[in-house]
């Protein structure tokens, strides 16, 4: 479980916006104001998180007065430690049923760009075609009201069963950061490669296997987890 300690937890929701930005541009020299603004954090949170990251050895803070900056120094260990803290099961998931084999296209048509993002095997298969599955995993923007979600269910024809189902609607644990760096693949909105790797790694069945295959495939193409 993600810890809630007095010291700033760098793997908490908004705090991860800093790690996500640094992992996206790992060679950059960062100043505190780079983490503020839209999809950002307060100056106080940025300072606390950067100090916590420095204590853990993920970053180096160079203090030169007005020319001070921070650089990412151990991206691999940052991601590795993040995997120890995060589980997909922290999300709230509601499961429904729809027999339509074209449900992904219906999701793309029914939902606006900022309303959803695919994840887990559903999303990874758009890159890898590695795990055969009939299940669909989709994050919905948590800012949507219950009425909006009911409307979405009706548009997609999602039925509630006593147990089981194949369509998984996810209210994100990372409410502020899960859509950061979301991408478009084959016409569908998908979480970032980093979030996809985080979601898959401890997921059953076959999540870790798929996560490692995805990582290797990206590396072979000269891409990275960001």
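The values are calculated or read from the model by the stated rules, or taken from the named source; none is laboratory data. Predicted, not measured: the structure shown is a model, and the values here were computed from it. Here the Cβ positions follow ideal geometry from the backbone for every residue, glycine too, while neighbour counts run over all protein chains shown.
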Members of the range 53-86 found to be out of contact with any strand residue (DSSP E or B) (no Cβ under 9 Å at 6 or more places or on another chain) and either closer than 23 Å to residue 202 by Cβ or outside the structural domain of residue 26 (by TED's automatic domain parsing) (or both), listed by number: 56, 75, 76, 77, 79, 80, 81, 82, 83, 84, 85, 86
Residue in the range 38-50 that is at pLDDT 95 or above and on the phi > 0 side of the Ramachandran plot present: no
Check on residue 26, surrounded by fewer than 16 Cβ atoms within 10 Å (Cβ to Cβ) and part of a loop (DSSP other than H, G, I, E, B): yes
Search result, residues across the range 104-121 that are under 12 Å from residue 169 (Cβ atoms), in contact with a strand residue (DSSP E or B) (Cβ under 7 Å, 6 or more places away or on another chain) and not in a strand (DSSP E or B): 107, 115, 119
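So that you can scan it fast, the table gives a plain yes or no per residue for (1) over 24 Å from residue 178 (Cβ atoms); (2) without any contact (Cβ under 8 Å) to a residue 60 or more places away in the chain; (3) surrounded by fewer than 17 Cβ atoms within 10 Å (Cβ to Cβ):
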site: 30; (1), (2), (3): no, yes, no
site: 41; (1), (2), (3): no, yes, no
site: 54; (1), (2), (3): yes, yes, yes
site: 60; (1), (2), (3): yes, yes, yes
site: 67; (1), (2), (3): yes, yes, yes
site: 72; (1), (2), (3): no, yes, no
site: 76; (1), (2), (3): no, yes, yes
site: 79; (1), (2), (3): no, no, no
site: 92; (1), (2), (3): no, no, yes
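Test residue 130 against the stated conditions and say whether it is in contact (Cβ under 8 Å) with a residue 24 or more places away in the chain and not in a loop (DSSP other than H, G, I, E, B).
So residue 130 does not fit the description; no.
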In the range 188-208, residue surrounded by the most Cβ atoms within 10 Å (Cβ to Cβ) [restricted to those that are without any contact (Cβ under 8 Å) to a residue 40 or more places away in the chain and part of a helix (DSSP H, G or I)]: 193
Residue satisfying all of: in the range 138-177; within 15 Å of residue 113 (Cβ to Cβ) and at pLDDT 90 or above; surrounded by the most Cβ atoms within 10 Å (Cβ to Cβ) among these: 139
